[in-house]
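The values are calculated or read from the model by the stated rules, or taken from the named source; none is laboratory data. From a predicted model like this one, the values you see are computed outputs, not experimental measurements. Cβ placement follows ideal geometry from the backbone for every residue including glycine, while neighbour counts extend to all protein chains displayed.
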Amino acid sequence: PGARQLVNHRHISINNDIVDIPSYNCEPGDIITIGNKQKSQSIVTKNINSFQKLKIPSHLTFDSTQLR
């Protein structure tokens, strides 16, 4: 539910286009980023810190400095 809310509230961009549809289908090579608003970045950073122990699947990459 938290991820859907982030998308619904327009905190997420895919290939520099804001996405507000939780069922959006990503394609290989798409770049998913967090909005530039402080609130967006704060929410995501808090979640990243809470779930650092989880392993990212091998077919995905994550840049924690750019939140993408």
Residue satisfying condition, being of a type in the set (Ser, Thr, Tyr) and assigned to a loop (DSSP other than H, G, I, E, B), within set THR65, THR33: THR65
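One line per residue, one yes/no per condition, for (1) at pLDDT below 85; (2) surrounded by 10 or more Cβ atoms within 10 Å (Cβ to Cβ); (3) in contact with a Ser or Thr (Cβ under 6 Å, 6 or more places away or on another chain); (4) hydroxyl-bearing (Ser, Thr, Tyr):
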position	(1), (2), (3), (4)
CYS26	no, yes, no, no
ILE32	no, yes, no, no
LYS37	yes, yes, no, no
THR45	yes, yes, no, yes
ASN49	yes, no, no, no
LEU54	yes, no, no, no
PRO57	no, no, no, no
THR61	no, no, no, yes
query: Could you list, in sequence order, the residues of the range 36-45 that are assigned to a helix (DSSP H, G or I) and over 13 Å from SER64 (Cβ atoms)?
result: GLN38, LYS39, SER40, SER42, ILE43
